[in-house]
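Report on the structure given below.
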Amino acid sequence: MSTHLVTGGNGFLGSAIAKKLIASGEKVIVIDIFDDQSRDKRIKFKKINILDKDLLDEAFKGVDYVHHNAALVPLKKAGKLFWEVNVEGTRNVLNAALKNNIKHLSHMSSSAVFGNIKKTDCPIKGTPKHLKAIEIYGKSKEAGEKIIFDYLNNKNHNMTATVIRPRTIIGSERLGIFQVLFEWISENKNIYIIGSGNNIFQFAHVNDLVFSSIQSAKKRYCGAVNIGTNKYSSLRSDLESFIKKTGSKSKVKSLPIILSIPALFILDKLSLSPLGPWHYLTYHKDYFFDLTEESKQLQFKPSFSNREMLFQSYKWYLKNKSELSSENKSAHKGTLKQGILKLIKIFS
């Protein structure tokens, strides 16, 4: 039995990793800034902010593997705090891991590090040097990655580390921006997308991210892996197929790119929309990974198609929507304040 520590372990992805590890007979410690009362009581919880170096060092004692998921995500619109948590927090996690002789660190990054993507860049393979983040969240995740890569480039390192980049994550219990999508579809409201929706768009299932984090630790793999499904098509096609399967009367409606992005930018700055720059600057673009190397290195095989993920998550939402709340939840596990979208929904 090994001891695994999961930072952000009560969030959407972190809690899924913790559940899988405890079910596999491993010892699990979760650190987070809030507790989850539904947590498996076999999982030890420590209320720790990753910016607290002393408490972090203490928590890492006796740990074999660390799964680093604590981060501020785009929905938080955290401004300068993105840098504190996603960059300095990652530096603290790395230093605590080194100080306590951790065997492996699995660092959960983001596909937002490739924000300036063009159609010809897809499928993205490895870590193309010309692809860079274009907004504050992506830049913070990019800087967090650099901390890990700088360590790995030191030939004297003993601890192994993997940088994991997921495409847009979905699965049971995933809310956040998907809560809005599912709510509108359940109420037969039209779904608005930026542009034609003919862009190729790839999701990643939460189970595949859980597998990747645990498998990279087991194999002590050094380097970066890009994770997503291998069954996807255009955003419009996948959404329309999904909506049809739900039986909803919702229709997918296109908004002109040239008007939508400036409008969403203004609404974002006025705090009238839950959408951040990462959403409105990239969701109309082709965005998908080549998974060849990941399949080879981690024996990775995606679990579900885009459409299967959406429908599975939607069924969970319908079953649980009467009990959903934002209280003591991470951004991806809690309900979302829709702002002006709530008004738009009325006329949709």
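If you check Val63 against the conditions, is it farther than 29 Å from Thr282 by Cα, of a type outside the set (Gly, Ala, Ser) and surrounded by 24 or more Cβ atoms within 10 Å (Cβ to Cβ)? Working first, answer last.
Numbers: farther than 29 Å from Thr282 by Cα: yes; of a type outside the set (Gly, Ala, Ser): yes; surrounded by 24 or more Cβ atoms within 10 Å (Cβ to Cβ): no.
It is false that Val63 is farther than 29 Å from Thr282 by Cα, of a type outside the set (Gly, Ala, Ser) and surrounded by 24 or more Cβ atoms within 10 Å (Cβ to Cβ).
Tell me whether region 52-62 contains one or more residues that are in a loop (DSSP other than H, G, I, E, B), modelled with pLDDT of 95 or more and closer than 30 Å to Ala133 by Cα. Don't jump to the end; show me each part of the working.
We begin by selecting, within region 52-62, every residue in a loop (DSSP other than H, G, I, E, B); these are 52, 60-62.
From what's left, modelled with pLDDT of 95 or more: 52, 60-62.
Next, only the ones that are closer than 30 Å to Ala133 by Cα stay: 52.
So far as region 52-62 goes, yes, one or more of its residues are in a loop (DSSP other than H, G, I, E, B), modelled with pLDDT of 95 or more and closer than 30 Å to Ala133 by Cα.
Please determine, by comparing only the residues of region 288-325 that are touching a residue at least 12 places away in the same chain (Cβ under 8 Å) and among the hydroxyl-bearing types (Ser, Thr, Tyr), which one is surrounded by the fewest Cβ atoms within 10 Å (Cβ to Cβ).
Thr292
What are the residue pairs meeting all of these: first residue in region 182-204, first residue on the phi > 0 side of the Ramachandran plot, second residue part of a strand (DSSP E or B) and not small (Gly, Ala, Ser), Cβ atoms under 9 Å, and 6 or more apart or on different chains?
Qualifying pairs under 9 Å: Gly195/Leu255; Gly197/Val252.
Filter region 245-278 down to residues that are in contact with a strand residue (DSSP E or B) (Cβ under 9 Å, 6 or more places away or on another chain) and not small (Gly, Ala, Ser) and give me whichever is farthest from Phe211 (Cα to Cα).
Pro256
Restricting to strands (runs of 3 or more DSSP E) lying wholly in region 110-225: which have 1 or more residues that are closer than 30 Å to Glu26 by Cα?
160-166, 168-170, 203-205
Quick check on my filter: what residues within region 282-293 are at pLDDT 95 or above and among the charged types (D, E, K, R)?
Lys285, Asp286, Asp290
Does Leu72 count as surrounded by fewer than 24 Cβ atoms within 10 Å (Cβ to Cβ), under 20 Å from Leu209 (Cα atoms) and modelled with pLDDT under 95? Show your work before the answer.
Values: surrounded by fewer than 24 Cβ atoms within 10 Å (Cβ to Cβ): yes; under 20 Å from Leu209 (Cα atoms): yes; modelled with pLDDT under 95: yes.
Yes.
Quick one: Ala71 ticks every box in (1) assigned to a helix (DSSP H, G or I); (2) within 28 Å of Ile136 (Cβ to Cβ) except a single one, so which number is it?
(1) is the only condition that Ala71 fails.
Tell me yes or no: at least one residue of region 186-196 is at pLDDT below 95, surrounded by 18 or more Cβ atoms within 10 Å (Cβ to Cβ) and basic (Lys, Arg).
Keep residues of region 186-196 that are at pLDDT below 95, which gives none.
There is no residue in region 186-196 that is at pLDDT below 95, surrounded by 18 or more Cβ atoms within 10 Å (Cβ to Cβ) and basic (Lys, Arg).
Within region 1-14, take every residue that is modelled with pLDDT of 95 or more and of a type in the set (S, T, N, Q) and give me the one that is farthest from the chain's Cα centre (by Cα).
Ser2
Could we say that Val85 is β-branched (Val, Ile, Thr), part of a helix (DSSP H, G or I) and modelled with pLDDT under 95 here?
So Val85 passes the test.
If you go through region 269-287, how many residues are buried (at least 18 other Cβ atoms within 10 Å of the Cβ) and either free of Cβ contacts under 8 Å to residues at least 40 places away in the same chain or touching a Pro at 6+ places or on another chain (Cβ under 7 Å) (or both)?
The qualifying residues number 3.
Taking region 235-291, which residues are within 18 Å of the chain's Cα centre (by Cα), farther than 11 Å from Ile194 by Cβ and part of a helix (DSSP H, G or I)?
Hits for region 235-291 are Pro277, Trp278.
Glu135 - would you say it is of a type in the set (Asp, Glu), farther than 17 Å from Trp278 by Cα and in contact with a helix residue (DSSP H, G or I) (Cβ under 7 Å, 6 or more places away or on another chain)? Show your work before the answer.
Numbers: of a type in the set (Asp, Glu): yes; farther than 17 Å from Trp278 by Cα: no; in contact with a helix residue (DSSP H, G or I) (Cβ under 7 Å, 6 or more places away or on another chain): yes.
No; evaluated as a whole, the condition is false for this residue.
Does region 81-98 contain at least one residue that is of a type outside the set (A, V, I, L, M), out of contact with any strand residue (DSSP E or B) (no Cβ under 8 Å at 6 or more places or on another chain) and exposed (fewer than 15 other Cβ atoms within 10 Å of the Cβ)?
There is no residue in region 81-98 that is of a type outside the set (A, V, I, L, M), out of contact with any strand residue (DSSP E or B) (no Cβ under 8 Å at 6 or more places or on another chain) and exposed (fewer than 15 other Cβ atoms within 10 Å of the Cβ).
Restricting to region 159-184, count the residues that are surrounded by fewer than 21 Cβ atoms within 10 Å (Cβ to Cβ) and of a type in the set (D, E, K, R).
2
The values are calculated or read from the model by the stated rules, or taken from the named source; none is laboratory data. Worth saying up front: this structure is predicted, and the values here are computed from it rather than measured. Methodologically, a virtual Cβ is constructed for each residue, glycine included, from the backbone with ideal geometry; neighbour enumeration extends over all protein chains shown.
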